[in-house]
Amino acid sequence: MCGISGFQVIKKSNSFDKKKKLIDITKIIQHRGPDSSGYWVDENQNIFLGHTRLSIIDLSRKGSQPMVSSNGRYVISFNGEIYNYKEIRNNLKRKFDTKFDNQTDTVVLLELISAYGLEKALSFVDGMFAFVIWDKKKKSLFLIRDRYGEKPLFFFVDENYIVFGSELKIIKRFIYPKKLEI
């Protein structure tokens with residue numbers, strides 16, 4: 001299991017150390033991915049993605065997340081498993097001569113989305129997953145779960161933020177950064 005964390009600031013007038021906040025909310029799910037943690041930030045678009053990794057398929061650092069597509073358009077933080085990723089990988093290589101820089105199912109999903117777009121790509125995927133993906137071109141954030149919702153993905157939206165993660169305590173920590181004492 002891995003962990004997803006992050007947020008998007010909607011009202012840019014909010015001032016706080018956003019990178020520090022991302023690290024803080026990601027640390028509380030370290031148990032979901034003890035092998036490594038990663039962060040991706042675009043301060044101009046106010047988007048902050050975090051990830052904790054449990055290395056299973058590709059143990060190298062090349063499988064670290066958040067991961068950027070080879071064309072640079074998409075950034076993903078993924079939790080789950082794509083059961084048919086080898087078949088999809090072979091089809092992408094054959095049809096588009098796609099090059100992969102690691103062996104993960106995440107990179108296959110990312111390049112599938114790059115080739116077909118998000119909606120069509122999802123029609124090819126068989127698995128259990130939750131992920132967030134940032135489309136740099138459209139400046140859009142997508143939160144996705146598999147058809148049965150097997151992997152958790154919680155989110156909170158108000159006029160200031162979109163906050164999301166693999167566990168509810170990410171949202172709680174974001175909103176209430178200090179422990180409430182009674």
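The values are calculated or read from the model by the stated rules, or taken from the named source; none is laboratory data. Every value quoted in this text rests on a predicted model; they were computed, and no experiment measured them. All Cβ positions, glycine included, derive from the backbone under ideal geometry; neighbour counts span all protein chains shown. To get the accessible areas, we keep the full protein, side chains included, count just its heavy atoms, and leave off ligands, DNA and RNA. Shrake-Rupley method; radii C 1.70, N 1.55, O 1.52, S 1.80 Å.
This table checks each residue for (1) at pLDDT 95 or above; (2) assigned to a loop (DSSP other than H, G, I, E, B); (3) farther than 26 Å from LYS12 by Cβ.
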residue: VAL41; (1), (2), (3): yes, no, no
residue: LEU59; (1), (2), (3): no, yes, yes
residue: VAL75; (1), (2), (3): yes, no, no
residue: PHE78; (1), (2), (3): yes, no, yes
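Rundown of residues vs (1) aliphatic (A, V, I, L, M); (2) at pLDDT below 95; (3) open to solvent by 10 Å² or more (accessible area, probe 1.4 Å), yes/no style:
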residue: LYS93; (1), (2), (3): no, no, yes
residue: SER114; (1), (2), (3): no, no, yes
residue: GLU159; (1), (2), (3): no, yes, yes
residue: GLY165; (1), (2), (3): no, no, no
residue: LEU180; (1), (2), (3): yes, yes, yes
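In this structure, is SER114 assigned to a loop (DSSP other than H, G, I, E, B) and either under 14 Å from the mean Cα position of the chain (by Cα) or closer than 21 Å to HIS51 by Cα (or both)?
Judged against the criteria, SER114 is not a match.
Report, ordered by the first and then the second residue, all pairs with beta carbons closer than 8 Å, sequence separation of six or more or different chains, a first member in region 139-151 that is open to solvent by less than 100 Å² (accessible area, probe 1.4 Å), and a second member that is among the acidic types (Asp, Glu).
Short answer, once both residue conditions are applied: LEU141/ASP135; PHE142/ASP135.
Examine region 117-129 for a residue that is open to solvent by 30 Å² or more (accessible area, probe 1.4 Å), within 19 Å of VAL9 (Cα to Cα) and in a loop (DSSP other than H, G, I, E, B), and state whether such a residue exists.
No, because not a single residue in region 117-129 is open to solvent by 30 Å² or more (accessible area, probe 1.4 Å), within 19 Å of VAL9 (Cα to Cα) and in a loop (DSSP other than H, G, I, E, B).
Any idea how many residues of region 1-31 are open to solvent by 20 Å² or more (accessible area, probe 1.4 Å), in contact with a Ser or Thr (Cβ under 9 Å, 6 or more places away or on another chain) and in a helix (DSSP H, G or I)?
4
Regarding region 32-41, can at least one residue be identified that is over 24 Å from ILE175 (Cβ atoms) and surrounded by 18 or more Cβ atoms within 10 Å (Cβ to Cβ)?
Looking for residues that are over 24 Å from ILE175 (Cβ atoms) and surrounded by 18 or more Cβ atoms within 10 Å (Cβ to Cβ), one finds none in region 32-41, hence no.
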